[in-house]
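Peer 1: Take a look at the following structure, please.
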Amino acid sequence: MKTDAMVLVEPGRIDITQLDVPDPGPGEVLIEVKANGICKGDIALFTGEINYGYPFFHGHEPAGIVAAVGPGVNGLQPGDKVACLGSPSYRKHYIAHSYQIAKIPDQSADLALWISEPPACAVHGAQASDCKLGDKVALLGCGYMGLLVLQALPRETFSRLIVTDPAKARRALALSLGAPEAYDPTTTDLSALAQEIGGFDVVIEASGEPGTISTATQMLRTGGTLNIFGWHAGEELVPTHDWHYKGLKVLNSSPMLTPDFTPYFRASVALMATGRIDQKPLITHRFPLEESQRALEVAAGKENDYVKGVITF
């Protein structure tokens, strides 16, 4: 069979083409994609900030319906609604391994809310932070990924939790999702705030913005934990002197840190099923596959009300 697929022809140019899709082999599942999230990495590919060569097929945040199963696949059947891992998945059909698939409730009407790779990253990042009962925790950055981390954190166990973001709308969204305190880093002296409480035990840097790692370092107590969760696409200076003399534990909680991402994927699906992680207020923009060019342009432009975009099929 053939399927429609998005292809990045060159920086700034998306096209739709047709590709052959094989039958699923042993342990494989054919997925009819219904939604695929637009990742920051996808945007960087589109703008040319990173280059893996062209033409390039991408997409790794799918959710959809099982179309067919290969030999040896148990527990899945055609018609099942599923959250998925795997790439490239900016296409109407793609092949995934069965271990990359998790069933979701049959009554789920909006499959865009079940894109699960980003929540899995957030669960992984939250667990990597190794927060303890009574910790004072700061989360810097309330974009899409930061707001997922906020929901994944065991925030009820903290003695103090603050979030920061320069955008008023995102701070308000964070408060609505359970953050007790939200601050504008452009108008708040975060270092002074931290000093008043003896420094934070854990600071999670989720913005990916230049200079934020230094801010996070200043906010930590001696012996505290810095979790660099946000993706810093470019090189920048970091305060290694302060890391040394403050005895900080510095973590890079990229998904590549773990050899097996599956447990975090399944945990994220379970948390979405309970409502602990809710993507409804986070997915602000939707585009059909035919409008992929505009979708990436809007995502790259970061309009004021943009939090997360999804391409639908």
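Peer 1: Which fully enclosed helices (runs of 4 or more DSSP H) of the range 201-313 have 3 or more residues being surrounded by fewer than 20 Cβ atoms within 10 Å (Cβ to Cβ)?
Peer 2: On the way: elements: 212-219, 240-245, 262-274, 292-301.
Fully inside the range 201-313 and qualifying: 240-245, 262-274, 292-301.
Peer 1: Search the range 13-28 for residues being of a type in the set (D, E, K, R) and outside any loop (DSSP other than H, G, I, E, B), and hand back the single one that is nearest to Glu290 (Cα to Cα).
Peer 2: Let us first name the residues in the range 13-28 that are of a type in the set (D, E, K, R), namely 13, 15, 20, 23, 28.
Checking the rest, the ones that are also outside any loop (DSSP other than H, G, I, E, B) come to 13, 15, 20, 28.
Values: Arg13: 13, Asp15: 9, Asp20: 19, Glu28: 28 Å.
Looking at residues that are of a type in the set (D, E, K, R) and outside any loop (DSSP other than H, G, I, E, B), I get Asp15.
Peer 1: Restrict the check to the range 37-60 and report whether at least one residue is of a type outside the set (Ser, Thr, Tyr), closer than 19 Å to Met1 by Cβ and not in a loop (DSSP other than H, G, I, E, B). Show your work before the answer.
Peer 2: Residues of the range 37-60 that are of a type outside the set (Ser, Thr, Tyr), as a first pass: 37-46, 48-51, 53, 55-60.
Right, trim to closer than 19 Å to Met1 by Cβ and you get 57, 59.
In the following step, the residues that additionally are not in a loop (DSSP other than H, G, I, E, B) were identified as none.
Scanning the range 37-60, I find no residue that is of a type outside the set (Ser, Thr, Tyr), closer than 19 Å to Met1 by Cβ and not in a loop (DSSP other than H, G, I, E, B), so the answer is no.
Peer 1: Taking only pairs six or more apart or across chains, which ones have beta-carbon atoms under 6 Å, a first residue in the range 177-188 that is among the polar types (S, T, N, Q), and a second residue that is surrounded by 17 or more Cβ atoms within 10 Å (Cβ to Cβ) and assigned to a loop (DSSP other than H, G, I, E, B)?
Peer 2: Pairs found: none.
Peer 1: Restricting to the range 84-109, and then to whatever is among the charged types (D, E, K, R) and buried (at least 18 other Cβ atoms within 10 Å of the Cβ), can you tell me which residue is farthest from the chain's Cα centre (by Cα)? Spell out how you get there, then give the answer.
Peer 2: Here is the first cut: in the range 84-109, the ones among the charged types (D, E, K, R) are 91-92, 103, 106.
From the residues that got through so far, the ones that are buried (at least 18 other Cβ atoms within 10 Å of the Cβ) too are 91-92.
Working: Arg91: 20, Lys92: 22 Å.
Selected residue: Lys92.
Peer 1: Could you look through the range 154-172, keep only residues that are among the aliphatic types (A, V, I, L, M) and crowded, with 24+ Cβ neighbours inside 10 Å, and pick out the one that is nearest to Pro118 (Cα to Cα)? Before the answer, list the steps.
Peer 2: Step one: filter the range 154-172 for residues among the aliphatic types (A, V, I, L, M), giving 161-163, 167, 169, 172.
Keeping just the survivors that are crowded, with 24+ Cβ neighbours inside 10 Å gives 162-163.
Values: Ile162: 22, Val163: 19 Å.
Here the residue is Val163.
Peer 1: Do you know which residues across the range 47-83 are closer than 28 Å to His232 by Cβ and surrounded by fewer than 14 Cβ atoms within 10 Å (Cβ to Cβ)?
Peer 2: Hits for the range 47-83 are Gly48, Ile50, Asn51, Tyr52, Gly53, Tyr54, Pro55.
Peer 1: With the structure loaded, tell me whether Asp242 is over 22 Å from Ile65 (Cβ atoms) and in the same structural domain as Met219 (by TED's automatic domain parsing) or whether it fails that test.
Peer 2: On the way: over 22 Å from Ile65 (Cβ atoms): yes; in the same structural domain as Met219 (by TED's automatic domain parsing): yes.
So Asp242 fits the description; yes.
Peer 1: To continue, here is another question. Residue pairs, Cβ under 7 Å, 6 or more apart or interchain, first in the range 67-85 and on the phi > 0 side of the Ramachandran plot, second surrounded by fewer than 12 Cβ atoms within 10 Å (Cβ to Cβ). List them.
Peer 2: Correct list of pairs: Gly72/Pro26.
Peer 1: Then there's this: Which ones in the range 9-60 are under 15 Å from Leu296 (Cβ atoms), in contact with a strand residue (DSSP E or B) (Cβ under 8 Å, 6 or more places away or on another chain) and of a type in the set (A, V, I, L, M, F, W, C)?
Peer 2: Residues satisfying the conditions are Val9, Ile14, Ile16, Ile38, Leu45, Phe46, Phe56, Phe57.
Peer 1: Please work out if Ile43 is surrounded by 15 or more Cβ atoms within 10 Å (Cβ to Cβ) and either among the polar types (S, T, N, Q) or out of contact with any helix residue (DSSP H, G or I) (no Cβ under 6 Å at 6 or more places or on another chain) (or both). Outline the logic, then answer.
Peer 2: Working: surrounded by 15 or more Cβ atoms within 10 Å (Cβ to Cβ): yes; either among the polar types (S, T, N, Q) or out of contact with any helix residue (DSSP H, G or I) (no Cβ under 6 Å at 6 or more places or on another chain) (or both): no.
Against the criterion (surrounded by 15 or more Cβ atoms within 10 Å (Cβ to Cβ) and either among the polar types (S, T, N, Q) or out of contact with any helix residue (DSSP H, G or I) (no Cβ under 6 Å at 6 or more places or on another chain) (or both)), Ile43 does not qualify.
The values are calculated or read from the model by the stated rules, or taken from the named source; none is laboratory data. Note that the coordinates shown come from a computational prediction; the quantities given were computed from them, not determined experimentally. As a convention, Cβ positions derive from the backbone with ideal geometry for all residues, glycine included, and neighbour counts pool all protein chains shown.
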